[in-house]
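Chemist: Have a look at the structure that comes next, please.
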Protein chains: 2
Amino acid sequence: MKNAELHVISTGKQEPQKLAEIVGQIHPYIDAIHIREKAKTANEIYEMVNLLTDHNVPLSKIIINDRVDVAIVSKVAGVQLAYHSLPVDIVKKQFTSLRVGCSVHSIDEGQTAQELGADYVIFGHVFPTQSKPGLVSKGLNQLELLAHHVSIPVVAIGGIKSTNIRGVIDAGAQGIAVMSGVLEAENPLSAVKEYYQNLST
Amino acid sequence: MKNAELHVISTGKQEPQKLAEIVGQIHPYIDAIHIREKAKTANEIYEMVNLLTDHNVPLSKIIINDRVDVAIVSKVAGVQLAYHSLPVDIVKKQFTSLRVGCSVHSIDEGQTAQELGADYVIFGHVFPTQSKPGLVSKGLNQLELLAHHVSIPVVAIGGIKSTNIRGVIDAGAQGIAVMSGVLEAENPLSAVKEYYQNLST
């Protein structure tokens, strides 16, 4: 059986050089690194991809948030779209080779993403997380409901640690996404290996 | 002889519906409407293009600032790139049918844009303008120098009015770009006609 996927998402706060060094170390243990840098320009994101490939990160593991144009010219594997991005169906139709993920926060949004042709969804936040202070988390029940209502893979995000991974997978998630849990860990390589092992068992 | 081009650039402050109504009226007199809405998301810009075409603005006259992806999926004529955008040569290579303009502020930048394959440059601001308070304008001499140093068309921007158009064209500009001079005019249609007539004579 294929392991559940492990996605790592950039925090938007790390220096590009620092991020590239970390991802250069951890990429063998992850399925995707998402460049999610909302405050950065197209040129800066383009240069970040170059920096990642300089650190031997394969293009097949790089996903860019929102900027479809940067994804296309950089020849990375995919884009991650949100409600404020270009419509999923329009992107899939124009750029057929691109893997397109959708960030969703409800079962309705998940079903719509699937109907429009999304290859997978990221759903969250499942548990309380420091990156979403004050917002009520969805919990495992909502995750399980979503996983039952869509046939595309559901990647869970939000407060996922090695101690609660099993519940997330049992709820039907086919992957998890982590930000600070890896990128801001004291030892990102140890942290990613721990996630990796917990996803394999 | 072909008239000098007239570009109108959105202000970033007008309601999409208001902009679409104005451009729906004035498009027969202009060569390009630039959607330059830096605070708007990809989805909002995409919807603005739809709104413009609903008002019978031809796609062949629509240019989108920075967001190459929105330009491609919307099938508009071109993109306008700045230093923070994707590199011109990368965009031209990937999207061969797109007309690519570059915003430049010096002769060096203009020459680089030409070398990288830009189809034209917008240079400014030529005269003092309310949209660039406190910045020293380039003046007609710099415009003339640039026009001598590049072979691609130079479109001049910044404080251009019917009273100073002649000097701009005589300096070698092959077009002018206007923001508030048309879009915030009491009567945009009259304003654009006045520019149009001054460019024709």
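Just so you know, all these numbers are worked out from the coordinates, no wet-lab data involved. Being a predicted model, the structure only gives us computed values, none of them experimental. Cβ: placed from backbone, ideal geometry, glycine included. Neighbour counts: every protein chain shown.
Chemist: Using just the C-alpha positions of chain B as equal point scatterers, what log10 of I(q)/I(0) does the Debye formula give at each q in 0.08 1/Å?
Modeler: These q points yield log10 I(q)/I(0) values of -0.24.
Chemist: Given Cβ point charges of +1 (Lys, Arg) and -1 (Asp, Glu) and nothing else, what value in debye, to the nearest 20, does the dipole of the range B:5-199 about its Cα centre take? All intermediate terms of the calculation are to be shown ahead of the outcome.
Modeler: On the way: 16 positive and 20 negative charges, 9 e Å.
Result for the range B:5-199 is approximately 40 debye, rounded to the nearest 20.
Chemist: Rounded to the nearest 0.05, what FRET efficiency is calculated for A:A39 and B:S200 with R0 set to 41 Å and r the Cβ-Cβ distance?
Modeler: On the way: r = 44 Å, r/R0 = 1.08.
Given R0 = 41 Å and the Cβ-Cβ separation, E is 0.40.
Chemist: Near the axis that takes chain B to chain A, which B residue has its beta carbon closest, and at how many Å?
Modeler: Value returned for chain B: B:D69, 2.
Chemist: How big is the protein assembly as shown by Rg and Dmax over its Cα atoms, in Å?
Modeler: 24.2, 78
Chemist: DSSP loop chymotrypsin sites (Phe, Trp or Tyr not before Pro) in the range A:100-201 with at most 16 other Cβ atoms within 10 Å of their Cβ, which ones?
Modeler: Working: sites: A:Y120, A:F123, A:Y195, A:Y196; in loops: none.
Sparse-neighbourhood loop chymotrypsin sites (Phe, Trp or Tyr not before Pro): none present.
Chemist: Report, for B:K13, each distance to the same residue's label point in the other copies, shortest first and in nm; define the point 7 Å along Cα→Cβ.
Modeler: Label-point distances to the other copies, shortest first: 3.5 nm.
Chemist: Calculate, in nm to one decimal, what A:Q111 and A:H148 gain on full extension: separation in residues at 0.36 nm each, minus their alpha carbon distance.
Modeler: Result for the pair: 12.3 nm of gain on full extension.
Chemist: Same structure, new question: Please give the calculated 222 nm ellipticity per residue for chain A, where each DSSP H segment of at least 4 residues contributes -39500 (n - 2.57) and the sum is spread over every residue; nearest 500 deg cm²/dmol?
Modeler: Working: 9 runs with 82 residues, N = 201.
Helix contribution divided over all residues of chain A: -11500 deg cm²/dmol.
Chemist: If we hang a label 7 Å off Cα along the beta carbon direction at A:P58, how far is it from the matching labels on the other copies, in nm, shortest first?
Modeler: 4.8
Chemist: Among the listed pairs A:K13/B:K132; A:K138/B:K13; B:K13/B:K93; A:K75/A:K161; A:K13/B:K40; A:K61/B:K38, which have their C-alpha atoms separated by more than 25 angstrom in this model?
Modeler: Numbers: A:K13/B:K132 30 Å; A:K138/B:K13 37 Å; B:K13/B:K93 33 Å; A:K75/A:K161 31 Å; A:K13/B:K40 22 Å; A:K61/B:K38 30 Å.
The answer is A:K13/B:K132; A:K138/B:K13; B:K13/B:K93; A:K75/A:K161; A:K61/B:K38.
Chemist: Over chain B, with a Gaussian network built from C-alpha contacts below 10 Å, which listed residue (B:L135, B:L143, B:L51) shows the highest mean-square fluctuation?
Modeler: Evaluated over chain B, the most mobile residue of the options is B:L135.
Chemist: Roughly how many nanometres apart are two label points built 7 Å out from the Cα toward the Cβ at B:D170 and B:Q25?
Modeler: The modelled label-to-label distance comes out at 3.3 nm.
Chemist: Ok, one more. Between the label point of B:K38 and that of the same position in each other copy, find the distances and list them shortest first in nm, with every label point placed 7 Å from Cα along the Cα-to-C-beta direction.
Modeler: Inter-copy label distances (nm, one decimal, shortest first): 1.9.
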